[in-house]
Amino acid sequence: MILVTGLPIINRPLLRLAFLSLITLPTLALACPSLLDHRYTSLQGKPVNLCDFAGRPILVVNTASKCGYTPQFEKLEALHKRYQGRGLVVLGFPSNDFNQELATNQEIAQFCKLTYFVEFPMIEKGSVAGPGANALFKQLAVASGAAPQWNFHKYLIAPDGKTVHSFGTRVEPDSREVMGKLVPMLK
């Protein structure tokens with residue numbers, strides 16, 4: 001029997017496990033790249049911690065329900081379905097910055113689900129451009145050198161959580177440009 005601070009420890013593997021957990025937990029907290037150190041709420045009201053996606057490629061898209069580029073939802077969902085098993089995360093950020101989004105999160109969620117069968121995570125409506133942009137989009141604009149000029153601007157965050165590729169509105173989610181960067185990042 002081993003005595004540690006006066007308490008009997010019968011099981012050495014249990015002691016090792018407890019010790020490792022003390023070392024590992026702080027390490028995990030530090031493993032989240034600053035670019036992903038953001039928390040949001042989904043359209044359904046559930047918490048979304050971007051740190052949970054660390055180590056995976058993330059395709060971030062500012063969306064709008066009443067835009068001429070709204071059919072891109074179909075290709076975004078197809079990418080989500082095809083590559084989520086290989087690590088891809090698609091994240092939609094609805095915004096009314098360009099005056100083409102529905103009024104409420106509930107309306108947006110219903111539109112996305114019923115019209116395009118969207119199952120990838122969609123964040124609550126917010127700002128993605130200009131001085132009112134959310135912190136993630138401000139960081140993405142700085143990291144890539146390009147801020148959204150319209151709806152359906154796409155950012156691909158590499159698994160390292162630091163490298164960011166920017167794709168304008170007209171670049172389709174399944175284009176050669178996007179796929180050429182995305183495919184090498186997949187598991």
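Of the residues making up segment 140-172, those that are closer than 25 Å to Ser65 by Cβ, within 15 Å of the chain's Cα centre (by Cα) and of a type outside the set (A, V, I, L, M, F, W, C) number 4.
Can we say Ala78 is in a helix (DSSP H, G or I), of a type in the set (Gly, Ala, Ser) and surrounded by fewer than 16 Cβ atoms within 10 Å (Cβ to Cβ)? Judged against the criteria, Ala78 is a match.
Please go through segment 159-187 and give me each residue that is touching a strand residue (DSSP E or B) at 6+ places or on another chain (Cβ under 8 Å) and acidic (Asp, Glu), ordered by number. Passing the criteria: only Glu177. For Leu114, are the conditions met, namely being out of contact with any helix residue (DSSP H, G or I) (no Cβ under 8 Å at 6 or more places or on another chain) and either of a type in the set (Val, Ile, Thr) or at pLDDT 95 or above (or both)? For Leu114, the condition - out of contact with any helix residue (DSSP H, G or I) (no Cβ under 8 Å at 6 or more places or on another chain) and either of a type in the set (Val, Ile, Thr) or at pLDDT 95 or above (or both) - is met.
Taking the listed residues Gly68, Gly85, Gly45, the one that is exposed (fewer than 14 other Cβ atoms within 10 Å of the Cβ), in a helix (DSSP H, G or I) and either assigned by TED's automatic domain parsing to the domain that holds Lys154 or among the β-branched types (Val, Ile, Thr) (or both) is Gly85, with no other qualifying.
Are any of the residues in segment 78-89 under 27 Å from Gly55 (Cα atoms), in contact with a strand residue (DSSP E or B) (Cβ under 8 Å, 6 or more places away or on another chain) and in contact (Cβ under 8 Å) with a residue 60 or more places away in the chain? Checked against the condition, which is being under 27 Å from Gly55 (Cα atoms), in contact with a strand residue (DSSP E or B) (Cβ under 8 Å, 6 or more places away or on another chain) and in contact (Cβ under 8 Å) with a residue 60 or more places away in the chain, segment 78-89 yields at least one hit.
Looking at this structure, is Lys138 out of contact with any strand residue (DSSP E or B) (no Cβ under 6 Å at 6 or more places or on another chain), over 20 Å from Phe73 (Cβ atoms) and assigned by TED's automatic domain parsing to the domain that holds Pro71? So Lys138 passes the test.
Residues that are free of Cβ contacts under 8 Å to residues at least 24 places away in the same chain, in contact with a strand residue (DSSP E or B) (Cβ under 8 Å, 6 or more places away or on another chain) and within 21 Å of Lys138 (Cβ to Cβ) do occur in segment 34-45.
The values are calculated or read from the model by the stated rules, or taken from the named source; none is laboratory data. In this text, all values refer to a predicted model and were calculated from it rather than measured experimentally. We place every Cβ from the backbone using ideal geometry, glycine too, and count neighbours over all the protein chains shown.
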